[in-house]
Amino acid sequence: MPAAATTAALPPPPPRTFLVTGASKGIGRAIAQRLARDGHSIIVHYHNDEPGARATLASLAAPDTVATPSFDVGCSTLDVGRSPEAHRLLQFDVRDRAACAATLEEHVSGHGPLYGVILNAGIARDGAFPSLSAEDWDDVLRTDLDGFYNVLHPVLPAMIAARRGGRIVTISSVSGLTGNRGQVNYSAAKAGLIGATKALAVELARRRITVNCVAPGLIDTGMLDLEPGLLEQIIEHNIPARRIGTPDEVASLVAWLASDESAYVTRQVISINGGML
C-alpha cells in the first residue's frame, strides 16, 4: 500500500522591501499598512504631506516596536524601529527626474535593492478640455505618467541584478480604460500608465519580476470630489454593487499581486469597481 501523501507547510516568504509612492493618505496609506501587516518593510513615499506620511509611518509600527526616529538628511529618510527591515519615510517629487534618480539611487546604495514598487502617486486636475490649462495638463501627465519612468528607472537595475524576482504594481483608474468627461488629461495619463505597465511586463517576465496594473473605480478617498447628489446617481445607475469601494479593498488586491501566490500573473489590468457599467 502506498504511503499516505503528506503536504509540508511552505515557509512564509522572507521580509521584503516595498516602496509605496503617494503613501501619506488614502489608497497609498492602506497599501502600506496591508503590506506591513503581511510582514514586509515599507518605504513610505511622500512629496508635500509630511504629517500625513508620518501618520502612515506610525501606523506601520508593530505594537511591541519602540520607535527611535532619526533623520538621514542626505537621503531624506526617517527610520522607525530597531530591525534591519525598519519602515522608512522617503521624500521626493515624482515629477522631478533628477531628484528621483539622486534620492532613489542613494537609497538603494545604502539599503540594498527593493523587492517591489507600488506606483500609487497621482493627482487629478479636472475640467472641460476647452478650458483646461496647459499647467493642469502638464502637472497630471508629469505626475501620473512620467512618475512611472522617474521612479522605476533608478531602482530597476538593482532589482534585476539581485536575481530575486520582484513585484511592480501600478495604480491606474477606470478613467484610463474608458475615458471620462472632464478628465482628458487624467484619462490620457492613466491610459498611458496601462500601456507602460503592459510593455514593461513583457521585458521583465523572464526575470521573475511581475508588472501588473490595478484600475479602481469610485473609491472613498480625498480625490473623490463630486457635485451633491451626483455620487448617489452614479451608484444607483452605474454600480451594480450599489456602493463605492474602500481603500482597504484596493490594498487587499495589491497585496495579492505583491505576494508569491500571484507569481504567474503579469501584464494584467485588474479592475476593482463594483461591476461599474
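Each of 153, 47 has some number of other Cβ atoms within 10 Å of its Cβ, and from fewest to most they run 153, 47. Fewest neighbouring Cβ atoms within 10 Å first, the residues 135, 249 line up as 135, 249. Just to check, using Stokes-Einstein with a Kirkwood Rh over alpha carbon pairs, what's the diffusion coefficient of the chain at 4 °C and 1.567 mPa s in µm²/s? Value of D from the Cα-based Kirkwood radius: 66 µm²/s. Here the residues 45, 107, 237, ranked from fewest to most Cβ neighbours within 10 Å of their Cβ, fall in the order 237, 107, 45. If you add up the charges near residue 197, with Lys and Arg at +1 and Asp and Glu at -1, over every other residue whose beta carbon is less than 13 angstrom from its beta carbon, what do you get? Local net charge: +2. Subtracting the Cα-Cα distance of residue 230 and residue 58 from their residue separation scaled by 0.36 nm leaves 58.4 nm.
Across the chain, C-alpha contacts under 8 Å between residues 6 or more apart give a mean separation that, scaled by the residue count, equals a relative contact order of 17 percent.
Order the peptides 16-22, 252-258 from the highest to the lowest mean number of other Cβ atoms within 10 Å of their residues.
Those peptides, ordered most packed to least, come out 16-22, 252-258.
Quick note: the coordinates plus some simple rules give every number you see, no bench work behind them. Remember, predicted model here, so these are calculated numbers, not experimental data. All Cβ positions, even for glycine, are placed from backbone atoms using ideal geometry, and neighbour counts span all protein chains on display.
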